[in-house]
Amino acid sequence: MASETVVSINTDVDVVVARQKGRELANELGFALTDSTLIATAISELARNIVLYAKHGEIVIKNSLVADKVCIVVVARDKGPGIANIPQAMQDGFSTSGGLGLGLPGVKRLVDEFHLVSDVNSGTTVTIKKWKR
Amino acid sequence: MQVPILKQGQYLIASIQAALSDQDLVQLRDALAEKVGRLRARGVIVDVTVLDVMDSFASRTLRDLAHMTRLRGAETVIVGIQPEVAFSMVQLGLTLEGVDTALDLEEGLDYLDKKTKRSTSRG
Amino acid sequence: MDDLKTKRKDERIRSVSPSRLVPPPDNESTVPESTVPLLRELVAHLRKNRTQLREEWARRITEAKLLTAMTREEIFAEATSVYDNYVEVLETGAVEALQAYARDLSERIIPRGVETDEVVGIVLLLRDVLARSLFAKYQADFQLLNRILDAYEPAANRIANTVAVGFVQERERIIRQQQEAIRELSTPVLQVRERLLILPIIGVIDPQRARQLTEQLLRGIRTNRARVVVIDITGVAAMDATVANHLVQTVEASRLLGATVIVTGLSPEIAQTLVTIGVDLGKMNTVGDLQGGIEEAERLLGYKVAPLNEPSQQTT
């Protein structure tokens, strides 16, 4: 049965809640420990971006079944200031010492699929997917 | 949630028991910095065995901690990073550069012993 | 009039042939409203006659020489579960239960040597047996028969597809598992001295293998409480930027677990690649060959253990 959890993100405490929910779902679905850690870490970063830049938003965590392959989908949504320069935000200096800016290139490395939609007027939506190996 | 800080000889040991919010981490950082100064500790060990996720904020805060304690004359060692967490961290680009690390509490104490002895013999 | 009826009946029979399986829509597990009462009726019929229909099915399986790897008792036991599951799914449209069962069944019979064509074959035979039974019951009223089949066919097709796909996927999963095991065997993390691990890397490194190596090494560091790791890349087939990055990540991750990494077997070409991608070789501990690396490692370990007499003004 497909399950969906929505975590409202307003404070740093919610960041922990969101990533724990992600970890729970990953465990339920039988993801390996490394992969569920990657998922939880990605959620943590995305949730943190919401708190830092948009103040309010939500993280939706759900599982999905496509051609009988299990995957976790996480959507991080906010109506914040948006990202003015997306290419720049996604630029990857590989030997970066951690935690500069939005950390989106880093999040991208943690997951299998990464989609970013952002507009300066309407906010940001990041969708990530990780398949069960 | 307060993280218990124990004093062992000239070292302070903080063992994280559960998932910490950002505020908890910052509180821990400041508490350790303050105690190092007041108690004139030579070393600090932060045991993160229980943490199942280490993200950019945690990484930054631990680096700040190491910096702050060094300014007050103490070395900080982070111990107990789990293999899966280490893997995620480097994928994300978090390397805890400039912060010493050890496998566990025992290794951490050993490391501090050698490091502080070194500076004593030099002094 | 009669010709028309006969013709439609023929068409109907043709369209049930197994060669025209309709693939199920993705994730669809709901039953259309209009067919619910019909499904209920045919399910009731299939349940009432389950013993006889199951036997018919088992007989056909033996006749077709399928499942030869299993005994008659085993076939009968599985036939019972599959039949009940089949009818259940016809009724509820809940494919997840069937998927789970299909995977479970596959896990049991694949090691016994049952092949894909056998699994597909028996499901299709069941489909046929049940369809024939429906013909027999409703043949007097062919309009009703048509409506019954309209309800039955999509559901039956979905089931056949689900079971077949489930079986194939389980097979693929097992193959992947075996590949993983082979990869693990081919890259042992060796403990040669206390606190010292050696990881000789040989051959081609694809991203998956690189990741597995890193995970294995990190677990090894924790288990063996290693303080120094020597990674020998003499045998690495090709070093491109991706592999180089994996290597750097492995070194960094090892450090987080308190282990120092010494990389050996670095040819001038590889060193060049690393520099080109921006790796600060000054930060990476490198030694020419494996032997030298081990000696350096021992030195490091000895250095850490023995009391310090020499000045420690090392700039690395």
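For the reader, a short list of remarks on this structure follows.
- Where a residue in region C:163-185 is in contact (Cβ under 8 Å) with a residue 60 or more places away in the chain and its partner, wherever it lies, is hydroxyl-bearing (S, T, Y) and surrounded by fewer than 17 Cβ atoms within 10 Å (Cβ to Cβ), with Cβ under 7 Å and at least six apart: C:F167/C:T116
- On the stretch given as region A:26-44, residues that are surrounded by fewer than 22 Cβ atoms within 10 Å (Cβ to Cβ), among the hydrophobic types (A, V, I, L, M, F, W, C) and over 16 Å from B:L51 (Cβ atoms) total 2.
- Selected residue [modelled with pLDDT of 95 or more, within 12 Å of another protein chain (Cβ to nearest Cβ) and surrounded by 19 or more Cβ atoms within 10 Å (Cβ to Cβ)] from B:V85, B:V44: B:V85
- Region C:180-204 - residue that is outside any strand (DSSP E or B) and modelled with pLDDT of 80 or more and, of those, nearest to the other protein chains (Cβ to nearest Cβ): C:R195
- Looking across region C:166-213, the residues that are among the polar types (S, T, N, Q), surrounded by fewer than 16 Cβ atoms within 10 Å (Cβ to Cβ) and over 30 Å from C:A100 (Cβ atoms) come down to C:S186, C:Q191.
- Selection count, region C:222-244, where residues are away from every other protein chain (no Cβ under 12 Å), under 14 Å from C:P188 (Cβ atoms) and part of a helix (DSSP H, G or I): 0
- Condition met for B:D30 (within 14 Å of another protein chain (Cβ to nearest Cβ) and surrounded by fewer than 20 Cβ atoms within 10 Å (Cβ to Cβ)): no
- Filtered residues of region C:245-280 (kept if in a strand (DSSP E or B), within 13 Å of chain B (Cβ to nearest Cβ) and crowded, with 23+ Cβ neighbours inside 10 Å): C:V261
One line per residue, one yes/no per condition, for (1) closer than 17 Å to B:A19 by Cβ; (2) surrounded by fewer than 21 Cβ atoms within 10 Å (Cβ to Cβ):
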residue: B:V50; (1), (2): yes, yes
residue: B:M54; (1), (2): yes, no
residue: B:A58; (1), (2): yes, no
residue: B:R63; (1), (2): no, no
residue: B:M68; (1), (2): no, yes
residue: B:R72; (1), (2): no, yes
residue: B:G80; (1), (2): yes, no
residue: B:T95; (1), (2): no, no
residue: B:K115; (1), (2): no, yes
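- Candidates C:Q99, C:Q52, filtered to the one that is at pLDDT 80 or above and in contact with a strand residue (DSSP E or B) (Cβ under 9 Å, 6 or more places away or on another chain): C:Q99
Conditions tested, residue by residue: (1) among the polar types (S, T, N, Q); (2) facing another protein chain (nearest Cβ under 10 Å).
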residue: A:V15; (1), (2): no, yes
residue: A:Q20; (1), (2): yes, yes
residue: A:E24; (1), (2): no, no
residue: A:N27; (1), (2): yes, no
residue: A:D35; (1), (2): no, yes
residue: A:S44; (1), (2): yes, yes
residue: A:I59; (1), (2): no, no
residue: A:A67; (1), (2): no, yes
residue: A:G80; (1), (2): no, no
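- Subset of region B:90-109 that is under 26 Å from B:L6 (Cβ atoms) and within 7 Å of another protein chain (Cβ to nearest Cβ) - its residue that is nearest to the chain's Cα centre (by Cα): B:T101
The values are calculated or read from the model by the stated rules, or taken from the named source; none is laboratory data. Small disclaimer: the values here were computed from a predicted structure and weren't measured. Cβ atoms come from the backbone with ideal geometry, glycine included; neighbour counts cover every protein chain shown.
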